[in-house]
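See structure below.
The values are calculated or read from the model by the stated rules, or taken from the named source; none is laboratory data. Remember, it's a predicted structure, so these values are computed and weren't measured experimentally. We place every Cβ from the backbone using ideal geometry, glycine too, and count neighbours over all the protein chains shown. Surface areas here come from the heavy atoms of the whole protein model, side chains and all, with no ligands, DNA or RNA. Shrake-Rupley method; radii C 1.70, N 1.55, O 1.52, S 1.80 Å.
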Amino acid sequence: MYSHYLALGDSLSIDMYPALDAGETDVAVALERVPDAGQVAPLGAASLLHRNDDARWPDHTGSDLATRYPGIELTNLAADGATIGDVFGDQLPRVVESDVPTLVTLTIGSEDLFSAYRNQPSGRLLKRIARDIADAYDALVARVLDVRPVSLVLLTTMCDPSDRTGRVPGVLEDAGRLPLAPLDALNQHIRARVASDARFALADAYLRFLGHGSSVPESDRWYWRRSPLEPNAQGAHELRRLWMDVVEAQDARDA
């Protein structure tokens with residue numbers, strides 16, 4: 001039974017974009033896209049995993065950590081635009097080292113990769129960058145286990161908002177078709193990393209989100225229309241459903 005839920009990583013785990021999509025933020029947040037500018041409804045994947053919004057998602061009443069593990073506390077340190085270095089340098093130092101049974105969700109790597117895409121490196125250099133990201137990812141997850149050794153860490157693969165087309169409306173359009181091989185390699189690395197320690201579990205967001213990006217009408221997308229790399233309200237809901245599925249499966253195996 002977990003007593004602490006720790007959310008680490010990037011904007012896939014935060015409230016701001018799903019709340020903006022749902023129109024449930026203060027005006028200042030909508031104008032500035034800065035969560036500290038005002039109130040933001042707890043509609044991100046981490047918040048919903050911890051405690052369902054019964055008004056918005058009535059079919060999932062009780063399908064949350066607060067119901068499954070009464071008294072579990074949430075610490076959400078994920079941040080918009082966070083890189084692996086940011087989790088190392090800013091998020092993890094704010095976590096007290098402890099043997100408290102902890103559930104951890106980690107969404108990271110996309111900003112590192114898309115930052116590389118923005119510079120339009122050669123294929124050879126991009127391959128090297130992807131290897132460096134993978135090495136940094138390994139060091140990060142090892143450090144997470146150092147900080148919280150009694151834990152289950154849900155390693156979450158990176159989504160492809162292009163739906164295998166390499167094109168995301170409004171994102172790096174001048175660069176042409178984005179090469180997907182580095183994304184595929186990094187996701188495969190994450191999948192393989194799960195097998196290295198029983199305290200890791202796979203949350204394959206890449207597979208769950210595929211077919212809900214730029215290849216389908218806007219009404220079927222799980223990404224925010226104004227910034228299609230970010231999850232909308234539906235996307236946040238679907239990610240927490242994925243996480244909950246993994247938690248339930250892990251509990252069943254451990255029973």
- Item | Lone unmet requirement of (1) open to solvent by 40 Å² or more (accessible area, probe 1.4 Å); (2) at pLDDT 95 or above; (3) part of a helix (DSSP H, G or I); (4) under 22 Å from residue 9 (Cβ atoms) for residue 96 | (3)
- Message: List pairs: first residue in segment 34-52 and over 21 Å from residue 104 (Cβ atoms), second residue buried (at least 16 other Cβ atoms within 10 Å of the Cβ) and polar (S, T, N, Q) anywhere in the structure, Cβ distance under 6 angstrom, at least six positions apart or on different chains.
- Response: 40/25
- Query: Is it the case that some residue within segment 170-191 is acidic (Asp, Glu) and either under 30 Å from residue 101 (Cβ atoms) or at pLDDT below 95 (or both)?
  - Reply: yes
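So which of 66, 45, 7 is surrounded by 16 or more Cβ atoms within 10 Å (Cβ to Cβ), modelled with pLDDT of 95 or more and farther than 28 Å from residue 89 by Cβ? Spell out the reasoning first.
Working: 45 fails: farther than 28 Å from residue 89 by Cβ; 7 fails: farther than 28 Å from residue 89 by Cβ.
Testing whether each residue is surrounded by 16 or more Cβ atoms within 10 Å (Cβ to Cβ), modelled with pLDDT of 95 or more and farther than 28 Å from residue 89 by Cβ leaves just 66.
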- Query: With respect to the numbered conditions (1) of a type outside the set (A, V, I, L, M, F, W, C); (2) part of a helix (DSSP H, G or I); (3) at positive phi, which one is the sole condition not fulfilled by residue 211?
  - Reply: (2)
- Message: Out of 252, 236, 201, 192, I need the residue that is over 15 Å from the mean Cα position of the chain (by Cα) and either assigned to a loop (DSSP other than H, G, I, E, B) or within 27 Å of residue 52 (Cα to Cα) (or both). Which one?
- Response: 252
- Flag if residue 80 is touching a residue at least 60 places away in the same chain (Cβ under 8 Å), over 23 Å from residue 247 (Cβ atoms) and either surrounded by fewer than 16 Cβ atoms within 10 Å (Cβ to Cβ) or not β-branched (Val, Ile, Thr) (or both): yes
- Which members of segment 77-101 meet the condition of being in contact with a helix residue (DSSP H, G or I) (Cβ under 9 Å, 6 or more places away or on another chain) and among the β-branched types (Val, Ile, Thr)? 83, 84, 87, 95, 96
- Query: Taking segment 61-111 only, how many residues are closer than 21 Å to residue 186 by Cα, touching a Leu at 6+ places or on another chain (Cβ under 8 Å) and aliphatic (A, V, I, L, M)?
  - Reply: 6
- Hey, among the residues in segment 135-182 that are open to solvent by less than 20 Å² (accessible area, probe 1.4 Å) and part of a strand (DSSP E or B), which one's farthest from residue 78 (Cα to Cα)? 168
- Task: Mind telling me which of the residues 55, 116, 82, 130 ends up being more than 15 Å from residue 8 (Cα to Cα) and part of a loop (DSSP other than H, G, I, E, B)?
- Result: 55
- Please work out if residue 205 is open to solvent by 10 Å² or more (accessible area, probe 1.4 Å) and at pLDDT 95 or above. no
- Of residues in segment 100-132 being open to solvent by less than 40 Å² (accessible area, probe 1.4 Å) and farther than 26 Å from residue 77 by Cα, the one modelled with the lowest pLDDT: 121
- Message: Which residue is nearest to residue 153 (Cα to Cα), if the candidates are limited to segment 219-244 and must be open to solvent by 10 Å² or more (accessible area, probe 1.4 Å) and of a type in the set (Lys, Arg)?
- Response: 241
